[in-house]
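Peer 1: What follows is a structure written as structure tokens; I'll ask about it next.
The values are calculated or read from the model by the stated rules, or taken from the named source; none is laboratory data. Computed from a prediction, not measured in an experiment: that's the story for all the values here. With ideal geometry, Cβ positions are generated from the backbone for all residues, glycine too; neighbour counts draw on all protein chains shown. Side chains are part of the model used for accessible areas, which takes the heavy atoms of the whole protein and leaves out ligands, DNA and RNA. Shrake-Rupley method; radii C 1.70, N 1.55, O 1.52, S 1.80 Å.
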Amino acid sequence: MCYAIPGKIEKIENNTVIVDYFGEKRKALNELAEINIGDYIYAQGGFVVSKISASEAQSILSVWKETFFELQEVDLRLSRLSLSGNDADKRLLGVLDKASQSRQLSRDELLYLLGLKDKKGFELLFKTANFLRQKNFKNSCCVHGIIEISNHCRQGCQYCGISYHNKDLRRYRLTKDEILEAAREAVEVYGFKSLVLQSGEDPGYSVDELADIVKRIKEKFPSLLFISFGEIGVEGLEKIYQAGARGLLMRFETSNPKLYQQVHPGMTLESRLVHLRKAHDMGYLILTGGLIGLPGQSKEDILDDIFLAKELHAEMFSFGPFIPHPNTPFSGIKPPQEDEVFKVLAVARIIDNHQAKILVTTALETLSPDAARNGLSSGANSLMLNVTPLDYRPFYSIYPQRAHQSEDISTQIESTVSLLRSLGRAPTDLEGI
Ligand code: 5AD
């Protein structure tokens, strides 16, 4: 199984290359030493990740060629939008028609969409978002692998099951060798081109050690590496960028500073935003977003969250539902309904038509077995598979009963591929020029 289609280098301008995929041209940044016109490469997130031999590329491409255009057609058919002749509310049709033409909606209109209450209304909103996703991103769906390297955490986020509130949790920290082995398996055995390394805020690993892990993975297992270790400081971000990481996954959780402080004792939104902004300045790709369903969070807050993610130059939005964990102060708070989450994905797609990918989070998948399919049909175009060694997965318990917790990697890949195929999506990550 591969998560990217090999492309052929057509043009090289300084560190930018133009890559051809079945006649479609894409742009990517190249940091590999030896790249020539005519070479075949894999690219992810706008970066050239690795070079592959012409014979290997051609055999993979011959398999893809049959399905590539077929999948695009299925997607096009499933994402068709017809608002006319619909007996839905006139205001709703007017707003969605405007959105479908990629015209900017007013704040009032966006709040109106977030506040929709009837099922028929949501469905039209989701369809409009899916139409915009297809129009701007075609059928590509990017699939990252995530390795949860440690569940130690010094923070007390009130909702989080690996925070210091959870006294009953068995804590683990993968050794360097275990991390390298997990990365090797993901890249060499399962073909992942992009990995996220995640942990709680764990002082047990120094920044230098984390940088060394990143460097060793980059050297041995070519991939686009994202880090998600919490607030490691601007200098820490710099060191790890130098070591080869090119993405930062860090949610700001909520854009409301007061709510932020209530929910994250001893932390500030400001500090989080400094990390995100500096990381972007350094060249990191930014994956960010927030939690949906925090106590006291309003529709206005959620809308501000989407705008903040955009302002932070998110290349991928990560918005997921809060799910209560029994050993945290928020144990008694109800999670949001899944439709509330799809609404956020759909409105995010309307606000950001073509810049950001939108992730179906594992938390959303945890709410219902159909959530991945429905999320991908509401504007989302990205998934994350868990490639943490199975023995450790139950202990990365940010919330209970996480989806895919006990599924091995092959099982997750099989179900992902069949889901994507049924929707006409290709597990690729192709950046437009
Ligand atoms: N429900 C949903 N998401 C959670 N996270 C932490 N705890 C929970 C929970 N109870 C999310 C946070 C964090 C990410 C790693 O996990 O948003 O950014």
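Peer 1: Kindly indicate whether E201 is within 25 Å of M267 (Cβ to Cβ), surrounded by 21 or more Cβ atoms within 10 Å (Cβ to Cβ) and within 16 Å of the ligand (Cβ to nearest atom).
Peer 2: Taking the combined requirement at face value, the residue does not satisfy it.
Peer 1: Restricting attention to region 1-29, which residues are out of contact with any helix residue (DSSP H, G or I) (no Cβ under 8 Å at 6 or more places or on another chain), open to solvent by 30 Å² or more (accessible area, probe 1.4 Å) and part of a loop (DSSP other than H, G, I, E, B)?
Peer 2: Across region 1-29, the qualifying residues are N14, N15, G23.
Peer 1: Could you please give the count of residues in region 88-102 that are touching a helix residue (DSSP H, G or I) at 6+ places or on another chain (Cβ under 9 Å) and open to solvent by 80 Å² or more (accessible area, probe 1.4 Å)?
Peer 2: 2
Peer 1: While we're on this one: Here are some conditions: (1) open to solvent by less than 20 Å² (accessible area, probe 1.4 Å); (2) away from the ligand (no atom under 16 Å from the Cβ); (3) not aromatic (F, W, Y). S418 meets all but one. Which one does it not meet?
Peer 2: Here S418 meets the rest and fails (1).
Peer 1: Filter the helices (runs of 4 or more DSSP H) completely within region 33-133 down to those with at least 1 residues that are at pLDDT 95 or above and more than 28 Å from H313 (Cβ to Cβ).
Peer 2: In region 33-133, the matching helices (runs of 4 or more DSSP H) lie at 54-78, 90-100.
Peer 1: Output the number of residues of region 253-291 satisfying the condition of being among the β-branched types (V, I, T) and either farther than 21 Å from V344 by Cβ or open to solvent by 10 Å² or more (accessible area, probe 1.4 Å) (or both).
Peer 2: 2
Peer 1: Can you tell me which of H404, H354 is more than 25 Å from S223 (Cβ to Cβ), modelled with pLDDT under 95 and open to solvent by 10 Å² or more (accessible area, probe 1.4 Å)?
Peer 2: H354
Peer 1: Sticking with this one: Can you name the condition, by its number, that I398 falls short on among (1) open to solvent by less than 50 Å² (accessible area, probe 1.4 Å); (2) touching a helix residue (DSSP H, G or I) at 6+ places or on another chain (Cβ under 7 Å); (3) within 17 Å of C160 (Cβ to Cβ)?
Peer 2: For I398, the failing item is (2).
Peer 1: Quick one: in region 292-302, which of the residues that are within 15 Å of the ligand (Cβ to nearest atom) and open to solvent by 30 Å² or more (accessible area, probe 1.4 Å) is nearest to Q155 (Cα to Cα)?
Peer 2: Of everything passing the filter in region 292-302, P295 is nearest to Q155 (Cα to Cα).
Peer 1: State all residues of region 233-247 that are touching a residue at least 40 places away in the same chain (Cβ under 8 Å) and either open to solvent by 40 Å² or more (accessible area, probe 1.4 Å) or within 16 Å of the ligand (Cβ to nearest atom) (or both); if no residue qualifies, say none.
Peer 2: The answer is V234, E238, G247.
Peer 1: While we're on this one: L124: of a type in the set (A, V, I, L, M) and touching a residue at least 60 places away in the same chain (Cβ under 8 Å), yes or no?
Peer 2: So L124 fails the test.
Peer 1: Return yes or no: is L114 crowded, with 18+ Cβ neighbours inside 10 Å, on the phi < 0 side of the Ramachandran plot and in contact (Cβ under 8 Å) with a residue 60 or more places away in the chain?
Peer 2: yes
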